[in-house]
Every structure is written in C-alpha cells, then in structure tokens.
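Bear in mind that the values in this text are calculations on the coordinates, not laboratory data. Just so we're clear, the structure is a prediction, and the values are computed from it rather than from any experiment. Cβ coordinates were reconstructed from backbone atoms using ideal geometry, including for glycine residues, and neighbour counts include every protein chain displayed.
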Amino acid sequence: MGINVALDGPSGAGKSTIAKAVAKKLEYVYVDTGAMYRSIAYYVISKGADLSDPEQIKPLLGEISIKLCYTEAGQRVMLNDEDVSDKIRTPEISMGASKVSAIPEVREFLLELQKNIAKENNIIMDGRDIGTVVLPNADVKIFLTAAPEARAERRFKELQEKGDKSTYDEVLQDIIQRDYNDTHREIAPLKKADDAVEVDSTELTLEESVEAIYKVITDKT
Ligand code: C5P
C-alpha cells in the first residue's frame, strides 16, 4: 500500500498543475480524476447522446475503457486506445464533464478505477471528492481554493495561449456555473473533508503554491 495524497478543490484552483509539479518532486504518481470525467463526456458527445440523461449514458459506460499512461511526454489519457489528452481540454468538454459527473452510475464506474490506482502506488490524486469519498483514509488531504476571479483569470490566459476565443467573462461564468454544479449535486458534492488542510492560492504564485502543498505533504508523511 502506497502513500495516498488527496487534493480537492474547485475548478481552476491550479490543482492539476500543482499536483503534477509536486508529484515530480516527490516521485509520486499523479492521478487526474477530472480527465476521467472529461473522457466520459467526450465519449457521450461523440455518440450524440444527451449529457444530462442517465438513461442514454448508462448503456454507454460498458463500452468505455479509460487508462492513464505515463510516458516521456507526460501523462496521457487513453479512451478505448484513442489518445484524448488534448481533445478533452475544451470549454465544451469542461461543462460536459460537470454534467455527467452528477450521474451516480458514472461516479460508481470511476470509483473502482480510482481506488485501484491508489492501492498500488504512492499517489497524488486530484478531484472534487477524493478526500471525502474516493480515499477517505488518505494519509494527507488538502483542499485547494482561490477566489473565482483569480481562477477565471488563470484559465482565461491558458485558453488564450491555446488559441481559444472565449472571453474573460465567459470563462468566469463557466467557473461559477461549474462551482454551482459541483457543490450542489446530490452525490459526492465538492466539499472540504473535515480533516483536510485548506490552502488558498488567490495571492500565491504557482511556485509558492507548489511549495505550500509540498510542505503540507512532507510535514505529514
Ligand atoms: O478537474 P477538472 O476541471 O478536469 O474536472 C472536470 C469536471 O469533472 C469537474 O467540473 C467536475 O464536475 C468533475 N469531477 C468530479 N469529481 C472529480 C473530478 C472531476 O465530479 N473527482
């Protein structure tokens, strides 16, 4: 059994960038659970099914296999042997993932996969419900937050660099809507675990956030 670090928080708080950097420093495996929900949204859209209709989505789950592969080029997300790593990083898929993630069968489907990965390795797993549902006995739990405007600003810059045409206001509205979806869904809503350490990255640079998270982990392990 390896060391398990659970990293939760709202969209755009910098979880994945920070988790990747810290995992590298500690030589842990980084597990991006958001990429799994995104892959399901991608598949559902590719089949022309309704992202909010459980009856259309349930039968599709049996056709889906998701693997996280670790290559020289970093982590790649494989959906039925198709590399979808880049295709799942669009605003459409972000919102789609937020929708499918409210469906209990989708969460159950991914829960086992997530628990199994955690069993075998020293990991940092990021998501919304890792400390509360997926790994309630994690060695370290961190809840990473930042003001919505700071998160929108960072996401906006990232999208611009990729040539995406979304405006800052659209990105902010998107973040506010996803926060609402994630905190209000009935199953596994986004919330801080009672025993999680909270880190607010609003005023921190990326390097400072990495340092802060690294310190929480090394202090506790
Ligand atoms: O973290 P990321 O933005 O890639 O996640 C995309 C969406 O997947 C989130 O908005 C959330 O709705 C969902 N998600 C979730 N539980 C997780 C990880 C992601 O519900 N553990």
Of all residues in region 32-56, count the ones that are touching a residue at least 24 places away in the same chain (Cβ under 8 Å), of a type in the set (A, V, I, L, M, F, W, C) and more than 10 Å from the ligand (Cβ to nearest atom).
3
Considering only region 147-173, state which residues are part of a loop (DSSP other than H, G, I, E, B) and out of contact with any Lys or Arg (no Cβ under 8 Å at 6 or more places or on another chain).
147, 163, 164, 165, 166, 167
Does residue 96 satisfy the condition of being of a type outside the set (Val, Ile, Thr) and within 14 Å of the ligand (Cβ to nearest atom)?
yes
Can you name every residue in region 99-128 that is more than 12 Å from the ligand (Cβ to nearest atom) and surrounded by 22 or more Cβ atoms within 10 Å (Cβ to Cβ)?
118, 123, 124
Within region 57-73, the residues that are touching a residue at least 12 places away in the same chain (Cβ under 8 Å) and not in a loop (DSSP other than H, G, I, E, B) are 57, 58, 60, 61, 66, 68, 70
How many residues of region 1-54 are of a type in the set (Val, Ile, Thr), over 17 Å from residue 113 (Cβ atoms) and not in a helix (DSSP H, G or I)? The answer is 2
Selection within region 86-139 - in contact (Cβ under 8 Å) with a residue 60 or more places away in the chain, assigned to a loop (DSSP other than H, G, I, E, B) and basic (Lys, Arg):
89, 128
Looking at 74, 48, 96, 12 in this structure, which one is surrounded by 15 or more Cβ atoms within 10 Å (Cβ to Cβ) and on the phi > 0 side of the Ramachandran plot?
12
